Ligand code: NAD
């Protein structure tokens with residue numbers, strides 16, 4: 001069986017404790033590879049390698065660093081099909097989605113930050129005629145990049161690309177649930193020409209190596225994407241140690257539909273924003289608010305469209321939904337559907353596990369599920385489910401829907417569907433979220449600030465925000 005290895009100081013190496021965890025294909029329920037169950041010793045080796053590499057990497061000309069990032073982008077695209085298949089097997093997502101979204105975006109992340117860093121500049125502040133202040137931006141040192149399982153290579157590279165571009169050395173910790181494409185990336189790193197120790201990838205569990213990373217004295221910054229509870233734990237550890245923190249956490253995003261919207265476009269996009277990647281995208285709109293006059297038409301059409309979605313083998317190009325990432329996560333989703341029933345909700349469609357034939361007979365599949373009849377305040381409408389489950393909620397007017405949209409502890413993203421742009425701007429201003437889409441969803445421009453408010457996170461990724469996060473500003477005041 002294939003054994004994934006850590007990538008430390010430029011070499012693929014087994015974990016010090018020679019212990020491994022099972023890595024399961026969620027579509028078959030079968031263990032198909034082994035992942036290092038690394039511990040603090042592997043973290044120590046990785047951090048020391050990064051620390052030793054830092055002085056040279058930090059002083060490597062920006063153009064050379066950018067060239068290495070471009071090599072990564074090129075290698076990812078050359079291996080697109082293999083990486084997409086690996087992502088699909090590891091995560092359960094449809095291979096078509098991995099081919100069209102996850103892997104191209106991983107390449108784009110490297111390309112984007114290669115170009116961004118050569119165009120990055122800092123400020124100067126002339127103080128009348130008395131002095132000139134200028135800001136130096138220097139890399140931080142060794143940084144930790146910790147990523148989740150839902151968009152494995154996409155989100156891992158979204159962190160390591162800006163960190164490396166800015167001149168930091170990285171210890172990356174991909175999710176233990178989906179380690180494969182980060183491992184394949186470490187093989188590509190050797191070909192991309194990245195110097196030894198600049199990028200290190202250590203595999204293992206959050207409690208063992210994630211926490212060893214976040215409390216380590218040589219880690220100057222932590223870029224984390226994952227659940228809100230994990231983010232809180234990391235903040236508790238890192239705050240007294242004064243480490244820089246970027247936390248991208250959970251969401252319970254409202255999708256607000258006014259009767260005057262472009263109906264066909266809204267319906268097609270709402271289907272995607274509800275069920276793409278089996279609803280396991282932090283930006284999915286899981287609470288769908290519909291203006292009352294449109295409610296019954298929308299409900300009928302949406303349920304009909306959801307019923308046509310094919311839940312199937314992720315390797316098949318015909319599958320719209322693949323497998324849920326793990327058995328534990330499937331059980332979590334099922335428990336929320338049970339909760340929705342107990343809270344008085346009506347399951348309009350779905351609600352059940354899907355049993356497939358053939359090689360997927362033991363896989364973890366779930367029907368796209370649409371629920372209505374629940375108040376915005378109930379737990380089903382307040383807590384993140386992170387699966388193919390949405391609720392429909394009617395609303396009377398703008399004021400009411402604003403209050404309901406803002407009623408959760410989360411504030412990641414929101415979508416507004418209306419042809420009335422004055423209203424759209426007004427709503428966009430008042431919705432508590434870091435990202436607002438008007439008449440679209442997941443339309444991404446990598447220059448824009450990305451992140452959430454309230455329990456959805458602290459800080460922003462993307463564009464200049466990421467380069468600012470991964471550098472330390474220092475003001476120099478020169479008297480004239
Ligand atoms: P998770 O918090 O369980 O794990 C994320 C990563 O943190 C994994 O690599 C894990 O091993 C590690 N980890 C766990 N405990 C740790 C600890 N104590 N110290 C350090 N690291 C630790 O999240 P998940 O289940 O992998 O991902 C799903 C969650 O991620 C959802 O809540 C989703 O909304 C969120 N998410 C947010 C965004 C965003 O941009 N805001 C994007 C994707 C996913």
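The values are calculated or read from the model by the stated rules, or taken from the named source; none is laboratory data. Owing to the predicted nature of the structure, the values given are computational and were not obtained by experimental measurement. Neighbour counts are summed over all protein chains in view; Cβ atoms, including those assigned to glycine, are modelled from backbone coordinates with ideal geometry.
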Taking region 197-208, which residues are outside any loop (DSSP other than H, G, I, E, B), within 8 Å of the ligand (Cβ to nearest atom) and surrounded by 17 or more Cβ atoms within 10 Å (Cβ to Cβ)? 206
May I ask you to say which residue of 118, 143 is crowded, with 17+ Cβ neighbours inside 10 Å and either within 16 Å of the ligand (Cβ to nearest atom) or part of a helix (DSSP H, G or I) (or both)? 143
Exactly one of (1) under 30 Å from residue 143 (Cα atoms); (2) part of a strand (DSSP E or B); (3) within 16 Å of the ligand (Cβ to nearest atom) is unmet by residue 477. Its number? (3)
Taking residue 161 and the conditions (1) assigned to a helix (DSSP H, G or I); (2) closer than 21 Å to residue 116 by Cα; (3) touching a strand residue (DSSP E or B) at 6+ places or on another chain (Cβ under 9 Å); (4) away from the ligand (no atom under 13 Å from the Cβ), which numbered condition does it fall short on, given that it satisfies the others? (3)
May I ask you to verify whether residue 424 is in contact with a strand residue (DSSP E or B) (Cβ under 6 Å, 6 or more places away or on another chain), surrounded by 16 or more Cβ atoms within 10 Å (Cβ to Cβ) and not in a strand (DSSP E or B)? yes
Within region 80-89, take every residue that is within 22 Å of residue 177 (Cβ to Cβ) and out of contact with any strand residue (DSSP E or B) (no Cβ under 7 Å at 6 or more places or on another chain) and give me the one that is surrounded by the fewest Cβ atoms within 10 Å (Cβ to Cβ). 82
Could you tell me whether residue 189 is touching a residue at least 60 places away in the same chain (Cβ under 8 Å), in contact with a helix residue (DSSP H, G or I) (Cβ under 7 Å, 6 or more places away or on another chain) and either assigned by TED's automatic domain parsing to the domain that holds residue 8 or near the ligand (Cβ under 10 Å from one of its atoms) (or both)? no
Among the residues of region 209-227, which ones are in a helix (DSSP H, G or I), near the ligand (Cβ under 6 Å from one of its atoms) and in contact (Cβ under 8 Å) with a residue 60 or more places away in the chain? 210, 214
Residue match in region 272-283 (condition: more than 13 Å from the ligand (Cβ to nearest atom), outside any loop (DSSP other than H, G, I, E, B), assigned by TED's automatic domain parsing to the domain that holds residue 424 and touching a helix residue (DSSP H, G or I) at 6+ places or on another chain (Cβ under 6 Å)): no
Give the residue, chosen from 33, 38, 100, that is under 19 Å from residue 175 (Cα atoms) and outside any strand (DSSP E or B). 38
Are any of the residues in region 43-50 surrounded by fewer than 20 Cβ atoms within 10 Å (Cβ to Cβ) and at pLDDT below 95? no
Just a yes or no: is a residue in region 235-258 modelled with pLDDT of 95 or more, away from the ligand (no atom under 14 Å from the Cβ), outside the structural domain of residue 37 (by TED's automatic domain parsing) and surrounded by fewer than 24 Cβ atoms within 10 Å (Cβ to Cβ)? yes
In this structure, does residue 58 turn out to be under 15 Å from residue 142 (Cβ atoms), crowded, with 24+ Cβ neighbours inside 10 Å and more than 22 Å from the chain's Cα centre (by Cα)? no
Considering only residues that are in a loop (DSSP other than H, G, I, E, B) and touching a helix residue (DSSP H, G or I) at 6+ places or on another chain (Cβ under 9 Å), which ones fall in region 54-84? 60, 79
Number of positions in region 301-325 that are part of a helix (DSSP H, G or I) and in contact (Cβ under 8 Å) with a residue 40 or more places away in the chain: 4
Does region 398-415 hold any residues that are assigned to a loop (DSSP other than H, G, I, E, B) and either touching a residue at least 40 places away in the same chain (Cβ under 8 Å) or in contact with a strand residue (DSSP E or B) (Cβ under 7 Å, 6 or more places away or on another chain) (or both), and which are they? 408, 409, 412
Which of (1) over 22 Å from residue 51 (Cβ atoms); (2) in a helix (DSSP H, G or I) is the odd one out, the single condition residue 177 does not satisfy? (2)
